[in-house]
Amino acid sequence: MTSALDTTTALLKPLQIGPITVATPVVLAPMAGVTNRAFRTLCREAGQSTGFDPGLYVAEMVTSRALVERNVEALRIVTFGEDEQPRSAQVYGVDPATVGAAVKIIAGEDRADHVDLNFGCPVPKVTRKGGGAALPWKRQLFTDIVKAAVDAAEPYGVPVTIKMRKGIDDDHLTYLEAGQIAESLGVAAVALHARTAAQHYSGQAEWEAVARLKEAVRTVPVLGNGDIWSAEDALRMVEETGADGVVVGRGCQGRPWLFADLAAAFNGSDLRVRPGLREVAETIYRHGELMIEYFDGDEGKAMRDLRKHMAWYLKGYAVGGEKRHELALIDTLAELRERLDALDLDAPYPGDDAEGPRGRAGSPKTPHLPYGWLDSRDLSEEFEAKLREAELSVSGG
């Protein structure tokens, strides 16, 4: 579908994350319910199709408690394909000991080559218990968690990174302090989604914050995340902020071929993938096959999980509402094939209608926090006990 050009020149130096060299400085953001092994395969294959070395593809978030308890679904999340190199996992937790134990399982049992820590989740079920994007406000707890993870991974040579938001809201920003603390504790890179928890996914990401973090964190790579909908957006972010690379989240939903564009762009090529509906349909079908494999042959579960991707894949294409509705109700792979074949597969790429923002942006939300959370940067014993409840889910967004 695409090929590298002989005259291209890399626009950024390779991304160095501890011992791992990522030739194309692009990272697939961990997204709950999205970046499982099936979707990572599609993204990685798209990047590789250009002939350039691909980026780093991170598994969806897993909670430390679930991993320590060896929950079946948690272990599935940190199970990688034989062709996934390097393997990258993201851990979420609020208790330093549990996070350390989870990271030791991943590193000590050779389950991944890189561990990322989630301090950016804005969803209420996490922040109302002090986790995710709310956690760096309690600076000692943040410090203890990062240290526990780095210490647990260090004997195995596994680098630890962090992904965070600017803070809870514009009056409670934490990203500069958190970045410097993490740097001092030995993390291999820091990534910033340039929104607050209050913004959720609404409005515009403040790329200037990435530039400020880059000025504050000098010895490890700084990655920028937020509103990267195209390869051109990615190039503009690194030019405007000085970031060492980008993290791409919602922009690739229904568009795994975005990683072909990104690989080409960061290697100085103007090659871009603009698939007609037939190519999109074949990608959807392959996604379905990979999902069945991921769920150990459970076709029904795989198709139910695939349904949410349909609107993303078909954004901008001339597919009527009835056909879209039918595709959102598939139960079997045969049914998927039949409904895809019923589309006008000769329809061309629709241009701008298929570009731009995708996924649910929503609106700003008042963060749900524990009572009195913002009164102090220190953690009381009562809050410390309540924080344990924030690890109840296997995956949290």
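Residues in the range 88-124 that are in contact with a Leu (Cβ under 8 Å, 6 or more places away or on another chain) and either polar (S, T, N, Q) or without any contact (Cβ under 8 Å) to a residue 24 or more places away in the chain (or both): Ser88, Gln90.
For the range 357-397, a residue qualifies if it is at pLDDT 70 or above, among the acidic types (Asp, Glu) and surrounded by 13 or more Cβ atoms within 10 Å (Cβ to Cβ), and exactly one does: Glu384. Within the range 272-314, the only residue that satisfies the criterion of being among the basic types (Lys, Arg), closer than 19 Å to Asp346 by Cβ and in contact with an Asp or Glu (Cβ under 8 Å, 6 or more places away or on another chain) is Arg278.
For Gly47, are the conditions met, namely being touching a Gly at 6+ places or on another chain (Cβ under 8 Å) and more than 25 Å from Ala149 (Cβ to Cβ)? Judged against the criteria, Gly47 is a match.
Highlighted here are the helices (runs of 4 or more DSSP H) found entirely within the range 18-83 that include at least 1 residues which are polar (S, T, N, Q) and open to solvent by less than 40 Å² (accessible area, probe 1.4 Å): 37-48, 64-68.
Across the range 299-314, the qualifying residues are those that are in contact with a helix residue (DSSP H, G or I) (Cβ under 7 Å, 6 or more places away or on another chain) and not in a helix (DSSP H, G or I), and the one among them that is nearest to Cys43 (Cα to Cα) is His309. If the condition is being touching a strand residue (DSSP E or B) at 6+ places or on another chain (Cβ under 6 Å) and not basic (Lys, Arg), then the range 159-174 contributes Pro159, Val160, Thr161, Ile162, Met164, Gly167, Leu173, Thr174. Checking each residue in the range 135-152 for being touching a Gly at 6+ places or on another chain (Cβ under 9 Å), assigned to a helix (DSSP H, G or I) and of a type outside the set (Val, Ile, Thr) picks out Pro136, Trp137, Leu141, Lys147, Ala148, Ala149, Asp151, Ala152. On the basis of being farther than 26 Å from Gly242 by Cβ, buried (at least 22 other Cβ atoms within 10 Å of the Cβ) and modelled with pLDDT under 95, does Lys129 make the cut? Yes, satisfied. A count restricted to the range 340-349 and to residues that are assigned to a loop (DSSP other than H, G, I, E, B) and either more than 30 Å from Val273 (Cβ to Cβ) or open to solvent by 40 Å² or more (accessible area, probe 1.4 Å) (or both) stands at 5. The requirement of being closer than 18 Å to His368 by Cβ and open to solvent by less than 30 Å² (accessible area, probe 1.4 Å) is fulfilled nowhere in the range 143-158; no residue meets it.
Contact map, the range 320-347: first residue more than 22 Å from Phe295 (Cα to Cα), second residue among the aliphatic types (A, V, I, L, M) and loosely packed, with under 15 Cβ neighbours inside 10 Å, Cβ cut-off under 6 Å, separation 6 or more or different chains; pairs are Ala347/Ala318. For the range 288-310, filtered to residues that are surrounded by fewer than 21 Cβ atoms within 10 Å (Cβ to Cβ) and under 17 Å from Asp341 (Cα atoms), the residue that is nearest to the chain's Cα centre (by Cα) is Arg307. The residues listed here are Thr98, Thr143, Thr79; of these, the one that is hydroxyl-bearing (Ser, Thr, Tyr), more than 19 Å from the chain's Cα centre (by Cα) and more than 30 Å from Glu206 (Cβ to Cβ) is Thr98. Each residue in the range 94-134 was checked for being assigned to a helix (DSSP H, G or I), out of contact with any helix residue (DSSP H, G or I) (no Cβ under 7 Å at 6 or more places or on another chain) and of a type in the set (Lys, Arg), and 1 pass.
Of everything in the range 84-104, what is hydrophobic (A, V, I, L, M, F, W, C) and open to solvent by less than 20 Å² (accessible area, probe 1.4 Å)? Give them in sequence order.
The answer is Ala89, Val91, Val94, Val99, Ala102, Val103.
Of the residues that make up the range 337-356, is at least one over 29 Å from the mean Cα position of the chain (by Cα) and modelled with pLDDT under 95? Among the residues of the range 337-356, not one is over 29 Å from the mean Cα position of the chain (by Cα) and modelled with pLDDT under 95, which makes the answer no. Answer yes or no: is there a residue in the range 374-382 that is farther than 30 Å from Leu173 by Cα and in contact with a Phe, Trp or Tyr (Cβ under 8 Å, 6 or more places away or on another chain). No.
Residues checked against (1) in contact (Cβ under 8 Å) with a residue 60 or more places away in the chain; (2) polar (S, T, N, Q):
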site: Val126; (1), (2): yes, no
site: Gln140; (1), (2): yes, yes
site: Pro159; (1), (2): yes, no
site: Ile162; (1), (2): no, no
site: Ile168; (1), (2): yes, no
site: Gly186; (1), (2): no, no
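When you look at Arg337, is it touching a helix residue (DSSP H, G or I) at 6+ places or on another chain (Cβ under 8 Å), more than 24 Å from Arg250 (Cβ to Cβ) and open to solvent by less than 70 Å² (accessible area, probe 1.4 Å), yes or no? When the stated conditions are applied, Arg337 passes them.
The values are calculated or read from the model by the stated rules, or taken from the named source; none is laboratory data. What you see is a predicted model; the values in this text were computed from it and never measured. With ideal geometry, Cβ positions are generated from the backbone for all residues, glycine too; neighbour counts draw on all protein chains shown. The area values use the complete protein model at the heavy-atom level, side chains included, leaving out ligands, DNA and RNA. Shrake-Rupley method; radii C 1.70, N 1.55, O 1.52, S 1.80 Å.
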